Amino acid sequence: MESHDHSEQQLAGANVGSRKLAVVAGINLVGFLLELAGGLLFGSVALLSDAMHMLFDMLAYAMAFSASYTVERFEGGAEWSFGLHRLEPIAAFLNGVLLLPMVGYIVYESLRRFNSPVEIDPILTLVIAVGGLGINLGSVAVLRGDEMSLNERGAFYHLLGDAGGSIAVIVSTIAVAVFDLPVVDPIAAIFIAVLVFWSAARVLRESTSILLERSPIPPDNVRQTVLDIESVSAVEDLHVWQVCSQLTVATLTVRDSSRSLEDRQRTRAAIHTRLAELGINHVTVELVDEPRDGRDSRAHTH
């Protein structure tokens, strides 16, 4: 028996999510252009690093939006049983990979500035950095919600890193202006690189877990939840995985002592209800009778 509780609710959530990603991509494009111009004009490597961070994030949001938009509108028929929901973790994985070369660039440029400090214009740099922080916080306000998809969570982590980067630029610029310490600028840039690397690692870990079909729920928890049903004596051949962050699938074989059709229906309903409470929204159950006369009688409902 299969349970499909995700279609309409997930589609509505995906529509909202893709619109948010599009808005955030546009906001970050403006922020990137402002910080790039400011970094080039005023000589701040920290500001340039934050601009590059915004550029890669903007590309990440655009890619995530494209994946969500395609998934919402794709109708592939029976050959594509889960649609194109796999595009979500694939896009998130590519977003994480794109962040890694940016870390290398920031660290390289920062080390170069340690050896050859560059004078920066602290006042104008500070103005641009404060504007970048405002853009980041505005993007966080747009994206934040009770339940976010993997792409939205990836974007959210990026935004938090962006906000931290903008704060680092602000602090380093004040230090340069007040204490005349140009070395603080590349130090702030390295701090931003650490934030970017943390964002990349988290997105890569989550997307890889989905792509390699790691169970998002401990299988022992799922097994025990089903075993707690009175008529269930054993749970076999249990598999739990995710197609995307909002679609969790489980297949399992259950040994059931029920004999009447009515009792079997109650057992199946109880299994679906309890697994739904664990966050599993697509379930296929095979009921197997307790052995009688050395043989198993299998009951299938699809």
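General observations
- Flag for residue 224 being touching a His at 6+ places or on another chain (Cβ under 8 Å), of a type outside the set (Lys, Arg) and open to solvent by 30 Å² or more (accessible area, probe 1.4 Å): no
- Conditions (1) of a type outside the set (Ser, Thr, Tyr); (2) within 24 Å of residue 67 (Cα to Cα); (3) not in a loop (DSSP other than H, G, I, E, B); number of the one not met by residue 252: (2)
- Qualifying position, being touching a helix residue (DSSP H, G or I) at 6+ places or on another chain (Cβ under 6 Å), modelled with pLDDT of 80 or more, open to solvent by 30 Å² or more (accessible area, probe 1.4 Å) and at negative phi, among 100, 111, 41, 33: 100
- Lone unmet requirement of (1) surrounded by fewer than 21 Cβ atoms within 10 Å (Cβ to Cβ); (2) more than 30 Å from residue 213 (Cβ to Cβ) for residue 52: (1)
- Test: residue in the range 227-236 that is in a strand (DSSP E or B), open to solvent by 30 Å² or more (accessible area, probe 1.4 Å) and in contact with a strand residue (DSSP E or B) (Cβ under 8 Å, 6 or more places away or on another chain): yes
The values are calculated or read from the model by the stated rules, or taken from the named source; none is laboratory data. The structure displayed is predicted, hence computed values, not measured ones. For neighbour counting, all protein chains shown are included, and Cβ atoms are generated from backbone atoms with ideal geometry for every residue, glycine included. What goes into the accessible areas is simple: the full protein's heavy atoms, side chains included, and nothing from ligands, DNA or RNA. Shrake-Rupley method; radii C 1.70, N 1.55, O 1.52, S 1.80 Å.
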